[in-house]
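In what follows, a single structure is set out as structure tokens and then discussed.
All of the numbers you see were taken from the coordinates with simple rules; none came from a lab. Just so it is clear, the model here is predicted, and its values are computed rather than measured. Please note: Cβ atoms are built from the backbone with ideal geometry, for glycine as well, and neighbour counts cover all protein chains shown.
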Amino acid sequence: MTVGIDRINYYVPKTYLDLETLAAARNVDVAKYKRGIGQEKMSIPDLHEDIVTMAAEASAPIIDNPDQIDMVFFATESGVDFSKAAGIYLHKLLNLKPTVKVIELKQACYALTSALHLAIDYVKNHPGQKALVVSSDVAWYGFNTPGEVTQGAGAIAMMISENPRLATVTPGVTYTSDVPDFYRPNTMDVPVVDGKFSIDCYLEALKETFQAGDYPYVCFHMPFAKMADKANASLTSSKMDEDQLAVIKSVSKEIGNIYNGSLYLALIGVLIHHPQGLEGKTIGMFSYGSGSIGEFYTLTLTPRYASVNPVDRYLKGLSERKSLSIEAYEKAMNHYVKREHSLDYQAPLSQGFALVAIEKGHRIYKAK
Ligand code: HMG
């Protein structure tokens, strides 16, 4: 039985900060952000959004019938509760069956890749069932920090089924190593980061796991787009040229780091640039989560992947956004941090899937 990714979707908030605006406000040469870091924009969650609403936005378009889903894997490192899985709120918003099992997974940016493999194993062991794999994160380092330019917010959703229309997946080699490159203790809003060391750890994991092959693309986890150039330059074989690199960076540089989903934005970039033509081709995927775990695995696009490749929708997600002033960005992130500490809260606005209130710490959502 063949099991794999039947459909994939991404969601980013409708508001972003242009890095020209950030550079001017922080008195930094904009070339550092645009060329040195490789980013153009970073997405900022709107006032009604959190990881649950973003996960719902990413998931809804790939669910034809909620009753088809039997298992939900929710990967995040921006969890809203130490006990209750964010996926339980998502389960209600998506109107899933009560028999559905829901769990939350964490290992920095790697958890989504792990969730994908677990979901495939689950469907193989439960013939006829489907699993929803979702990640949603807000990458927040704080104002005036070196990491500020590598922030972002967004979600990825994948439907895992038998006879997948998009891609089959071949698990690869993993490399686990206890390193203090990036971590966020329970009492902290922002991570402790050793930026340069984290890049070394990432490249070490890539070196330990990479498998050479005839890939049209190798998608890299991209906390910032320039990381893909560094990763590619470190390879001793299967290196991509500038044109290939531009394709895998095309979506990420418009959005920033969405933690777990960042690797999959590279894949969305490939799908946008190739509405068809990659049938049967195998793509390299390098997943990295600080702390750390790296995994290099591959996925192979099916002969009918073009039938589940909504390029117009993917492009609309990027074009239908509005630019924020530096004041609006700071207001949005201050609101986000304050709200995440609130036990009682009323939302100032509600549109789409929305977090409308928090009552004694319990979150109240509104479906679209
Ligand atoms: P920094 O110290 O602000 O920047 O930190 P820099 O001084 O290293 O400059 C960055 C680049 O800009 C350099 O290029 C400069 O030369 C260049 P490079 O040497 O790297 O090729 N530059 C310029 N270029 C053109 N014109 C100029 C100019 N000035 C300088 N005028 C850093 C940068 C990425 C370290 C920081 O933003 C950071 O700490 N980010 C967060 C950590 C991170 O993203 N780490 C990546 C690997 S770890 C990972 O991927 C996991 C993660 O996603 C978390 C998870 O798993 O959950 C982060």
task = Would you list, by chain and number, the lysines whose Cα falls below 18 Å from the Cα of LYS322, excluding same-chain residues fewer than 8 positions away?
result = LYS14, LYS41, LYS253, LYS331
query = What 222 nm value per residue comes from the helices of the chain, counting each DSSP H run with n ≥ 4 as -39,500 (n - 2.57) and dividing by all residues, nearest 500 deg cm²/dmol?
reply = -9000 deg cm²/dmol
key: Charge context of ASP29, other residues only, Cβ under 13 angstrom, K/R +1, D/E -1   = +3
message = Show me, for segment 161-169, the HN-Hα J-couplings you get by feeding each phi into the Karplus relation (A = 6.51, B = -1.76, C = 1.60, θ = phi - 60°), rounded to Hz, glycine and proline as x.
response = 8, 5, 6, x, 8, 8, 7, 9, 10
Phi to ³J(HN,Hα) by Karplus 6.51 cos²θ - 1.76 cosθ + 1.60 over segment 73-81, Hz, x for Gly, Pro = 10, 10, 9, 7, 10, 10, x, 9, 7
task = Just tell me which aspartates and glutamates come within less than 15 Å, Cα to Cα, of LYS239; anything on the same chain fewer than 8 places away is out.
result = ASP214, ASP229
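Can you say what percent of the DSSP beta bridges in the chain, counting only those with both residues inside, are antiparallel? Round to 5.
Antiparallel bridges: around 75 percent, rounded to the nearest 5.
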Those trypsin sites (Lys or Arg not before Pro) in segment 272-348 that DSSP places in a loop and that have at most 15 other beta carbons within 10 Å = ARG304
query = What pairs from LYS34/LYS101; LYS101/LYS366; LYS106/LYS338 go past 31 Å between their alpha carbons?
reply = LYS34/LYS101
request  = With a bin width of 5 angstrom, please list the P(r) values of segment 168-305 as percents of all Cα-Cα pairs, from the 0 bin to the one holding the largest distance.
outcome  = 2, 11, 20, 24, 21, 12, 6, 3, 2, 0
For segment 168-305, share of DSSP beta bridges that run antiparallel, in % to the nearest 5 = 85
request  = Run down the aspartates and glutamates and flag those whose C-alpha is under 18 Å from the C-alpha of LYS360, throwing out any fewer than 8 positions away in its chain.
outcome  = ASP50, ASP81, GLU340, ASP344
Radius 10 Å from Cβ of VAL308, net charge of other residues (Lys, Arg +1; Asp, Glu -1) = +2
query = From the phi of every residue in segment 22-37, what ³J(HN,Hα) in whole Hz does the Karplus formula 6.51 cos²θ - 1.76 cosθ + 1.60 yield, where θ is phi - 60° and glycine or proline is x?
reply = 5, 4, 4, 5, 9, 6, 10, 4, 4, 4, 4, 6, 7, 9, x, 9
task = Calculate I(q)/I(0) for the chain by the Debye formula, one identical point scatterer on each C-alpha and no solvent, and give its log10 at q = 0.06, 0.13, 0.14 Å⁻¹ to two decimals.
result = -0.20, -1.01, -1.19
request  = Return a whole-number percent for the relative contact order of segment 148-264, with Cα pairs under 8 Å and 6 or more residues apart as the contact set.
outcome  = 34
